[in-house]
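Taking it in order: structure first as structure tokens, then the write-up.
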There are 2 protein chains.
Amino acid sequence: MGNSKKNMIIAQSGGPSSAINASIAGAIARGMASDKIDKVLGAVNGMQGFLNRQIINISEQMKSSEDFELLIHTPAQALGSSRYKIPKGDEEVFKEIVSILNDYNIGYFFYNGGNDSMDTVNRLADYIETCGLGIRAIGIPKTIDNDLFNTDHTPGFGSAARYVATSIAEVYLDTCVYPVPGLTIVEIMGRNAGWLTAASALARDSGIKAPHLIYLPEATFDPDEFVEEIRLLFEKQTHVLVAVSEGVRLADGSYLADTGAEADMFGHKTLGGVATTLESMIKEKLDIPKLKTRAIQLSTLQRSAAHCASLTDLQESYQCGYRAVEAAINGESDIMITINRLSDVPYLVRYDETKLEFVANKEKVVPSEWIYKNGTDVTEEMMTYLRPLVTGDTTELTQGGMPRFFRFDWDKIILPKDVK
Amino acid sequence: MGNSKKNMIIAQSGGPSSAINASIAGAIARGMASDKIDKVLGAVNGMQGFLNRQIINISEQMKSSEDFELLIHTPAQALGSSRYKIPKGDEEVFKEIVSILNDYNIGYFFYNGGNDSMDTVNRLADYIETCGLGIRAIGIPKTIDNDLFNTDHTPGFGSAARYVATSIAEVYLDTCVYPVPGLTIVEIMGRNAGWLTAASALARDSGIKAPHLIYLPEATFDPDEFVEEIRLLFEKQTHVLVAVSEGVRLADGSYLADTGAEADMFGHKTLGGVATTLESMIKEKLDIPKLKTRAIQLSTLQRSAAHCASLTDLQESYQCGYRAVEAAINGESDIMITINRLSDVPYLVRYDETKLEFVANKEKVVPSEWIYKNGTDVTEEMMTYLRPLVTGDTTELTQGGMPRFFRFDWDKIILPKDVK
């Protein structure tokens, strides 16, 4: 009998997060421990790199348990990402994918990403099924946006939420030191779903009142009402902090701040500048003597600040990767691993799975019942939902005060003959 | 014999830092332990609040060793700040200060701030000396700018440096995930001194090549040369990260990005927008296909991100406060505590003191020998200088994932009769 074992391959897609590498660490660990899996391979730069055969041998590059520890704590896709989306109806691409899978003797395909990525895996799994190839294709969830269906929350969200809330608490103390009116507007990522902006409310668990106003994309933004809210707040206090989603929209459905940039391959537009737009609005419409304003964009820090990761998030991300490989070994395909919450306090979850078609291309937004005060705040139910996700301090892996990272050598491309 | 013991008072000034409260924690601890000092008082909002008699009883408000631990880790002046500067030649103000000091039976005055604050203490100490009052006035250094003379470095700088370098390392990994040209420009605080921008170079200790260009205010900024540097970099690599000081200046001495805002009481102008200015410059002058650009302002996070503080910095800040009180008890006045470096490796320092007149209103900039590559990088000597300052991980003091802070009750104002 020859070697009947198949190789597995993993790739990553979409936007970075602080926890995304914990997921591949879990998948790699499970793959390397399995007697059904031969080698663990990785595709560099997602589906785009896979199609270019930018394939590396992870089994060779991960050398110690310390490598795993470092990988878990390294932010942003260690295998790179891509925004490439397989064009609708382009069966040639799927043929090419399958041909590459066969060339490299791959029996298990894992894709770590958000709802766009799940669509890719879904279509690939369908194609494989139609051709009766017996290759398993499974999705591992990831997105700081927390907008995937059929899962209580998504890996990456908790760490981003922790960073956002921690930064807001710290920035608010900074604002409060001066005895002059101060308005701080913090802009948070989230094009259509306001989960991450909602998480700014956790800053209040540090014993402060900020944010005083929280604007999510799910509630219509009314500029006049905003100006009035600010006016009323400064009547009774000196310092005001506003948390606002980059995706807030006016009554006509248009984005408050649209940079006019071209949409990307997924049809997503680059937003930004909401905080400065609101800052200008207040400067123009209100005359508050000596008012100091500050617009802060948390920018890519909110998705890459691994130094402020949530341990719960890292552990769950790891489990999602681990269980994806386990499911594939057990013969499953066309699914995504999910996290089901069993209880808030004590916080308990069970890992489960969902068919990919139920998550592909769909966005789970914040339910309107969790938004209140005329669209300027989130409810206690939201806080109860959020709290466990940011819990657990990670031990920093540093050397001389600087973070230590694990990085794959992307240039060590292998050929099919190397892994047959 | 009546109570011959005097009270001490401490106040904070200037811009916030992550380590400034470690200094007052040290001062308070030494004050409370001294048999020469009766009560430890605090003035809220610096000299401005002191003149308004916004005085609180710290001895009453600090209740446990846990309060001290929390205070050490709380960012931004726990006693508030002010930008108030005593007008030149206004002797009336000093008369008023002394009258308040006498009312509250204060024998020791401590001011925790930067070079402007040291000028205030210097002038106060001179006035007290002239009047023969026997009150001690001592300065405790603080500034993320690291621009004070006669001290190897300043409390607050190490933590800000650590945050800047850590964030840049993380943001760079984020940039690198996409296989398209990416230019990230990170703007760092520092009006005239480039120490903090120089600290961005420490990100390389995380095993990355970024920043690829570092622009300090000490070197003249030439826009054409900048564009050319960027062009050359993209000829050989896909991702470029630039660290730039908010204070970079053109050959004629004008700031590259001047918001046109009015200067504050100290004559400082609000700067900002350097990163976006450079971003626009590149978009306009270079045609790099598919180039993605991102301008990031680290904003007030760099001076308030206590969650990323340097333990070395917190410990030294504490010592500066502690030793200021000790010096006062020993009869000294009109001095500032300093840190003298004895050796880089192993890192050893000795605490010392300098006359206030040598630090007041002076700015120590980066020596030109430590800037090289035509003003686009810093030397290995600079790295050797910086490294020990960011070293040492702090234990996060969190509850439910959120930072815990110590906050004084600023409204608990006391009267002279309360402390006589």
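The values are calculated or read from the model by the stated rules, or taken from the named source; none is laboratory data. Computed from a predicted model, the values in this text were never measured in an experiment. With ideal geometry, Cβ positions are generated from the backbone for all residues, glycine too; neighbour counts draw on all protein chains shown.
From the set of residues in the stretch A:127-181 that are without any contact (Cβ under 8 Å) to a residue 24 or more places away in the chain and of a type in the set (Asp, Glu), which is nearest to A:Leu202 (Cα to Cα)? In this case the residue turns out to be A:Glu170. Does the stretch A:347-356 hold any residues that are of a type outside the set (S, T, N, Q) and closer than 28 Å to A:Ser245 by Cβ, and which are they? Within the stretch A:347-356, A:Tyr347, A:Val349, A:Leu356 meet the criteria.
Could you grab me the full set of residues in the stretch B:67-114 that are within 14 Å of chain A (Cβ to nearest Cβ) and among the acidic types (Asp, Glu)? Listed by number, the list holds a single entry, B:Asp67.
Just so you know, in the stretch A:115-172 the residues that are among the basic types (Lys, Arg) and within 14 Å of another protein chain (Cβ to nearest Cβ) include one that is farthest from A:Lys364 (Cα to Cα), and it is A:Arg162. Selection of the stretch A:320-334 for residues being farther than 8 Å from A:Arg136 by Cα and not hydrophobic (A, V, I, L, M, F, W, C) yields A:Gly321, A:Tyr322, A:Arg323, A:Glu326, A:Asn330. Within the stretch A:81-96, is there a residue that is closer than 17 Å to A:Cys320 by Cα and surrounded by 21 or more Cβ atoms within 10 Å (Cβ to Cβ)? Looking through the stretch A:81-96, none of the residues is closer than 17 Å to A:Cys320 by Cα and surrounded by 21 or more Cβ atoms within 10 Å (Cβ to Cβ).
Looking only at residues that are crowded, with 24+ Cβ neighbours inside 10 Å and assigned to a loop (DSSP other than H, G, I, E, B) in the stretch B:1-42, which one is farthest from the chain's Cα centre (by Cα)? Filtering first and then ranking leaves B:Ser13. Anything in the stretch A:1-56 that is over 26 Å from A:Ser99 (Cβ atoms), within 14 Å of chain B (Cβ to nearest Cβ) and in contact with a Gly (Cβ under 8 Å, 6 or more places away or on another chain)? List them, or say none. Matches in the stretch A:1-56: A:Gly15, A:Ser17, A:Ser18, A:Ala19, A:Ile20. Counting residues in the stretch A:172-191 that are of a type in the set (D, E, K, R), under 22 Å from A:Met336 (Cα atoms) and in contact with a Lys or Arg (Cβ under 7 Å, 6 or more places away or on another chain) gives zero. Only one of the numbered conditions (1) surrounded by fewer than 16 Cβ atoms within 10 Å (Cβ to Cβ); (2) at pLDDT 95 or above; (3) within 27 Å of the chain's Cα centre (by Cα) is not met by B:Arg204, and that is (1).
Considering each residue of the stretch A:177-185 in turn, at least one proves to be modelled with pLDDT of 95 or more, within 25 Å of the chain's Cα centre (by Cα) and either crowded, with 23+ Cβ neighbours inside 10 Å or not acidic (Asp, Glu) (or both). Among the residues of the stretch B:96-119, the ones that are within 17 Å of the chain's Cα centre (by Cα) and not in a strand (DSSP E or B) come to 6 in all. Taken together, B:Thr338, B:Thr376, B:Thr384 contain a single residue that is in the same structural domain as B:Leu133 (by TED's automatic domain parsing) and among the polar types (S, T, N, Q), which is B:Thr338.
Taking the stretch B:124-150, which residues are outside any strand (DSSP E or B) and within 21 Å of the chain's Cα centre (by Cα)? Those that are outside any strand (DSSP E or B) and within 21 Å of the chain's Cα centre (by Cα): B:Lys142, B:Thr143, B:Ile144, B:Asp145, B:Asn146, B:Asp147, B:Leu148, B:Phe149, B:Asn150. May I ask you to verify whether A:Tyr318 is in the same structural domain as A:Phe149 (by TED's automatic domain parsing), among the aromatic types (Phe, Trp, Tyr) and either at pLDDT below 95 or assigned to a helix (DSSP H, G or I) (or both)? Answer is yes for this residue. Screening the stretch A:362-416 for residues that are at the interface with another protein chain (Cβ under 8 Å from one of its Cβ atoms), in contact (Cβ under 8 Å) with a residue 40 or more places away in the chain and part of a loop (DSSP other than H, G, I, E, B) and picking the one that is surrounded by the fewest Cβ atoms within 10 Å (Cβ to Cβ) gives A:Arg407. Go through the stretch A:183-211 and give me each residue that's within 12 Å of chain B (Cβ to nearest Cβ) and part of a helix (DSSP H, G or I). Passing the criteria: A:Ala199, A:Ser200, A:Ala201, A:Leu202, A:Ala203, A:Arg204, A:Asp205, A:Ser206.
Once the stretch B:321-361 is narrowed to residues that are of a type in the set (S, T, N, Q) and either surrounded by fewer than 18 Cβ atoms within 10 Å (Cβ to Cβ) or under 13 Å from B:Ala27 (Cα atoms) (or both), the residue that is nearest to the chain's Cα centre (by Cα) is B:Asn361. Across the stretch A:1-47, the number of residues qualifying as in contact with a Phe, Trp or Tyr (Cβ under 7 Å, 6 or more places away or on another chain) and among the basic types (Lys, Arg) comes to 2. Cβ separations smaller than 6 Å between residues 6+ apart or across chains give the following pairs from the stretch B:280-301 residues that are within 12 Å of chain A (Cβ to nearest Cβ) to residues that are assigned to a loop (DSSP other than H, G, I, E, B) and of a type in the set (Ser, Thr, Tyr): B:Ile296/A:Ser299.
Of the set (1) outside the structural domain of A:Glu357 (by TED's automatic domain parsing); (2) crowded, with 24+ Cβ neighbours inside 10 Å, all apply to A:Lys142 but (1). In summary, B:Tyr318 fulfils each of the numbered conditions (1) crowded, with 22+ Cβ neighbours inside 10 Å; (2) more than 15 Å from the chain's Cα centre (by Cα); (3) away from chain A (no Cβ under 14 Å) with the single exception of condition (2).
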